[in-house]
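Below: one structure, written as structure tokens.
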Amino acid sequence: RLITLFIGLVISTQLLAVNHINEYQVKAAFLYNFIVFTQWPEAIDQTINLCIYGEDYFGQEIDKLQAKSVGNNDLKVIRLASLDKSKACHVLFISKSAINDLPNILARVKGEPVLTIADSPEAASKGVIINMNLAQNKINFEVNLESARSVRLDISARLLQLATEVYQ
């Protein structure tokens, strides 16, 4: 699994570097792998809800994840217009357009086993569990392990090895 993840991430970032694929196609692939390599404290019934809050830069690319499964679970993409239904999310992607509201967003899911993901500078240091960065035409990511542990999420050691930074 680690080899598949690593090869997939290397190929994804190489494709991005030569501009055959757009940034959010690669980020959608990363999102899927983040979900695969995360363990939730309780079994998820049938469907993993992947929520997007703020402007959706993924477009149809993120919808393609609904054709995939994670173990025995299907994936469902939900675009949130407000945070009212955020507690139904297993994964919450916080768009760049909503990042200024980060303290309120994190307060809404505090204590809930929600994998928060963003792609904004310094988001992981501010409490988001996984933050993606684009640097030199490559996507890399950092993990806030303290935030993950505080909501009882277990991030695979294999994924942590690939992170550019892990906040303890």
*asked:* What's the number of the only condition in (1) in contact with an Asp or Glu (Cβ under 9 Å, 6 or more places away or on another chain); (2) under 24 Å from E142 (Cα atoms) that Q66 fails to meet?
replied: (2)
*asked:* Exactly one of these conditions fails for Y32: (1) over 21 Å from A163 (Cα atoms); (2) open to solvent by 40 Å² or more (accessible area, probe 1.4 Å). Give me its number.
replied: (1)
*Can you name the strands (runs of 3 or more DSSP E) wholly within the stretch 79-168 that have at least 1 residues being under 22 Å from Q66 (Cα atoms), among the hydrophobic types (A, V, I, L, M, F, W, C) and at pLDDT 95 or above?*
91-94, 115-118, 130-135
*List every residue pair whose Cβ atoms lie under 9 Å apart, where the two residues are 6 or more positions apart in sequence or sit on different chains, the first residue falls within the stretch 69-95 and is farther than 18 Å from W40 by Cα, and the second residue, located anywhere, is of a type in the set (S, T, N, Q) and loosely packed, with under 13 Cβ neighbours inside 10 Å.*
L83/N104
*Working only within the stretch 54-64, note down all residues that are part of a helix (DSSP H, G or I) and open to solvent by 10 Å² or more (accessible area, probe 1.4 Å).*
Q60, E61, D63, K64
*Could you please find all residues in the stretch 26-53 being in a strand (DSSP E or B), closer than 15 Å to D74 by Cβ and polar (S, T, N, Q)?*
T47, N49
*Condition test on I78, is it under 16 Å from the mean Cα position of the chain (by Cα), open to solvent by 30 Å² or more (accessible area, probe 1.4 Å) and among the β-branched types (V, I, T)?*
yes
*Hey, can you tell me all the residues within the stretch 124-136 that are under 12 Å from E165 (Cα atoms) and surrounded by fewer than 24 Cβ atoms within 10 Å (Cβ to Cβ)?*
S125, M132, N133
*All positions within the stretch 38-53 that are in contact (Cβ under 8 Å) with a residue 60 or more places away in the chain and either among the polar types (S, T, N, Q) or surrounded by fewer than 18 Cβ atoms within 10 Å (Cβ to Cβ) (or both)*: T38, Q39, P41, E42
*What number goes with the only condition from (1) within 16 Å of the chain's Cα centre (by Cα); (2) at pLDDT below 55; (3) open to solvent by 10 Å² or more (accessible area, probe 1.4 Å) that L15 does not pass?*
(1)
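The values are calculated or read from the model by the stated rules, or taken from the named source; none is laboratory data. In this text, all values refer to a predicted model and were calculated from it rather than measured experimentally. With ideal geometry, Cβ positions are generated from the backbone for all residues, glycine too; neighbour counts draw on all protein chains shown. Side chains included, ligands, DNA and RNA excluded: accessible areas come from the protein's heavy atoms. Shrake-Rupley method; radii C 1.70, N 1.55, O 1.52, S 1.80 Å.
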